[in-house]
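Laboratory data are not the source of any read-out in this text; all were calculated from the coordinates shown. Every value quoted in this text rests on a predicted model; they were computed, and no experiment measured them. Cβ sites come from the backbone with ideal geometry, for glycine too, and all protein chains shown count toward neighbours.
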Amino acid sequence: MDKQPNNNYSRRQFIGTVLAGTGALVAGPGVSQVQAGRKSRKGRQITDVVALGKSGIKTTMLAQGTGWRGGARSSAHTRLGEKAFTKLIRTSLDNGVRLMDMADLYGSHPYIRTALKGVPRDNYNILTKLWPREAFWNMPSGGAIEEVNRFRKELNTDLLDICLIHCMTDTKWPDTFKRIRDELDEMKDKGAVKAVGVSCHDLGAVKVAATDPWTDVILARINNVGKEALMDGTPEEVAPVLKQARANGKIVIGMKIFGEGRLTNPEQKDSSLKYVFENELVDAITIGMMEPKHVGDTIKRANKALKA
């Protein structure tokens, strides 16, 4: 179950790193710099290693999600069981996907730790999220130091590449979660976290994040359908906000590309991916692939959309 990565995987990661150095996507603070990064994306594959803005993070444009229908430290992914979960994660790794998207809410930290046992830390990146609200399963500290230190122990790592405040639902989140933001900054200064930001479930929250100086990363819901596929507005409402966020130097990671399973047929999936990539709305996407066979299919579809 904890087999070492094969030689083909290591070679692919080396090649990806070299490619990143010759033309990585860099989302800078100005529109012209963002456009320059976008031009370098032409001809790329979704599993090529790229630079995410000025964060110093180099990873793939595709993330393996672990939180489909997640809540109370459980998700459809963790409910697969440890053996199937590990097989899924290893399949993603073997196919070149190195960004792992998880959260305290999903309960996926210990599963990821098991799945990645024996894999060199340089071969994958961690994106996780801090749930800031009190619930029957969660008693928040009010800040982030306690949570980040726990996450690092759960994941057996010194570094969280990206740590987000989970599920922002209004425009007041910067004030509401000021202590969390301050303590994430402290952990960032100590080298425990590379980039910070928010995941958003409200268009107003995204608009604030797009201009907020503190925010490095925005995890935003985007597809070509809209609210019927779990977006925070119509594509016409959301797309300009994400473009502005990228122009402001924010790293935008798209979620709900397939509407959390609502966009099921191949035409719907292809259309959504094409819309997101053609309109240059994101730096990366996260998709909660549930089975090993979904990994190859998603990579194929995403590469097709990138070429378009």
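Would you mention how many residues in segment 151-172 are under 19 Å from Ala115 (Cβ atoms) and free of Cβ contacts under 8 Å to residues at least 40 places away in the same chain?
Residues that pass the stated criteria total 5.
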Result of the Cβ filter at 7 Å on segment 175-198, keeping first residues that are among the basic types (Lys, Arg) and partners that are part of a strand (DSSP E or B) and surrounded by 14 or more Cβ atoms within 10 Å (Cβ to Cβ), at least 6 apart or interchain, is Lys188/Val196; Lys194/Ile57; Lys194/Asp161; Lys194/Ile162
Note: among Asp216, Asp232, just one is surrounded by 19 or more Cβ atoms within 10 Å (Cβ to Cβ) and out of contact with any helix residue (DSSP H, G or I) (no Cβ under 6 Å at 6 or more places or on another chain), namely Asp216
Checked segment 91-121 for anything free of Cβ contacts under 8 Å to residues at least 60 places away in the same chain, touching a helix residue (DSSP H, G or I) at 6+ places or on another chain (Cβ under 8 Å) and not aliphatic (A, V, I, L, M); matches are Tyr106, Gly107, Ser108, His109, Pro110, Tyr111, Arg113
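Listed here are the residues, each with its yes/no results for (1) under 22 Å from Ser108 (Cβ atoms); (2) in contact (Cβ under 8 Å) with a residue 12 or more places away in the chain; (3) within 17 Å of the chain's Cα centre (by Cα); (4) surrounded by fewer than 23 Cβ atoms within 10 Å (Cβ to Cβ).
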residue	(1), (2), (3), (4)
Gln244	no, yes, no, yes
Lys250	no, yes, yes, no
Glu260	yes, yes, yes, yes
Lys274	no, yes, no, yes
Asn279	no, yes, no, yes
Gly288	yes, yes, yes, no
His294	yes, no, no, yes
Asn303	no, yes, no, yes
Residues of segment 84-124 being farther than 18 Å from Met290 by Cα and part of a loop (DSSP other than H, G, I, E, B), in sequence order, are Asp104, Lys117, Gly118, Val119, Pro120, Tyr124
